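*Asks:* First, the structure itself, so that you have it in front of you.
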Amino acid sequence: MTKAVLITGCSTGIGYAAAKALHEQGYFVIASCRKKSDVERLRQEGLTCIQLDLSDTKSIKKGAKLALALCHGRLYGLFNNGAYGQPGAVEDLPTEALRAQFETNLFGWHELVRQILPVMRHHNEGRIIQNSSVLGFAAMRYRGAYNASKFALEGLTDTLRLELHQTGIHVSLIEPGPIDTQFRANAKEAFLKWIDIPSSVHHKEYDKQLSRLAASDSNNQFVLPASACITPLLHALESPRPKLRYRVTTPTKVFWVLKRLLPSKLLDSILRKAA
């Protein structure tokens with residue numbers, strides 16, 4: 001039987017690359033996007049695509065119900081990927097902006113997992129794969145909201161994995177690091193929406209951040225294409241013993257080692273420069 005996988009955040013980037021790659025590998029891919037225009041575009045490209053807004057509980061429940069109907073109740077995999085980054089210093093960040101960040105990056109994922117888990121439990125198998133970040137274990141300046149959402153995701157996912165031990169349902173985290181996507185453009189939009197840049201004591205640093213976010217290409221020499229996440233995703237779906245974490249880029253691997261080996265103050269100095 002063809003295995004069905006639901007993927008969130010498929011309009012661009014990692015989600016889009018994953019949907020196309022898994023479709024080519026023979027999976028029954030149920031891609032999802034927040035905007036109707038993106039749903040229609042992916043359908044025209046030959047993908048099964050549904051509308052699912054991770055910041056809207058009704059949309060999540062409706063999307064999950066439709067996804068399960070499309071695969072006749074045999075959903076094998078869930079790749080939670082849809083997210084965005086909210087830039088800004090913690091002191092400039094409205095609490096409402098932090099809530100919005102968590103609504104999409106954490107609460108929506110949790111709600112979707114809860115909708116899907118009973119089906120996986122019924123069939124005693126399944127794969128839940130959560131797309132985290134290097135910022136899920138290493139904090140950087142002006143990324144507090146995103147850091148917090150990914151730190152929380154890692155803790156929630158670790159707990160879920162422990163609770164699903166011996167159920168036949170495997171849980172993995174992918175930690176990409178710098179990937180060439182439209183993430184910067186979406187982050188710039190959120191930056192301008194929520195942060196009062198001119199009146200902030202950080203306004204000079206914000207000018208640098210805006211220049212970085214406005215650039216068409218990343219200046220990070222270690223940036224990889226979205227396709228770099230496909231091999232770990234396939235391993236997480238297909239291996240009888242999937243890894244708990246898949247670290248994709250060089251910075252992610254390096255910072256994981258540094259976090260384990262270095263005193264926190266020394267690591268802080270490196271992270272300040274890296275930002």
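Derivation of every value follows stated rules applied to the coordinates shown; laboratory data play no part. This is a predicted model, so every value here is computed, not measured. We place every Cβ from the backbone using ideal geometry, glycine too, and count neighbours over all the protein chains shown.
*Asks:* Sequence neighbours fewer than 8 away in the same chain don't count; with that in mind, list the lysines whose C-alpha is under 29 Å from K193.
*Replies:* Partners within reach: K35, K36, K58, K61, K62, K150, K204, K208, K273.
*Asks:* Let me ask something additional. Taking springs between alpha-carbon atoms closer than 10 angstrom, which of V248, V39, V257 fluctuates most in the Gaussian network model of the chain?
*Replies:* Maximum fluctuation in the GNM of the chain, among the listed residues, is at V257.
*Asks:* Let me ask something else. How much length, in nm to one decimal, is gained on full extension between R99 and T167, taken as 0.36 nm per residue of separation minus their Cα-Cα distance?
*Replies:* So the chain would gain 21.2 nm between R99 and T167.
*Asks:* In a Gaussian network model over the chain where Cα atoms closer than 10 Å are linked, find which of Q221, Q51, Q182 has the largest mean-square fluctuation.
*Replies:* Q221
*Asks:* Relative to 2.2 N^0.38 Å, what does the C-alpha radius of gyration of the chain come to as a ratio? Two decimals please.
*Replies:* For the chain, the normalised Cα radius of gyration comes out at 0.99.
*Asks:* Just name one of V257, G13, A69: the one whose Cα is farthest towards the positive end of the charge dipole of the chain (beta-carbon charges, Lys/Arg +1, Asp/Glu -1).
*Replies:* Most positive-ward Cα: V257.
*Asks:* Could you tally the net charge around P87, taking each other residue with its Cβ under 15 Å from the Cβ of P87, Lys/Arg +1 and Asp/Glu -1? Working shown, then result.
*Replies:* Details: positive: R141, R143, K150, R184, K188, K193, K204, K208, R212; negative: E91, D92, E189, D196, E205, D207.
Summing Lys/Arg as +1 and Asp/Glu as -1 gives +3.
*Asks:* Still on this structure, please answer the following. How much length, in nm to one decimal, is gained on full extension between A274 and K36, taken as 0.36 nm per residue of separation minus their Cα-Cα distance?
*Replies:* Between A274 and K36, full extension yields 82.0 nm more.
*Asks:* Give, rounded to the nearest 20 debye, the magnitude of the charge dipole that the chain has about its Cα centre when Lys and Arg contribute +1 at Cβ and Asp and Glu contribute -1 at Cβ.
*Replies:* Approximately 400 debye in magnitude.
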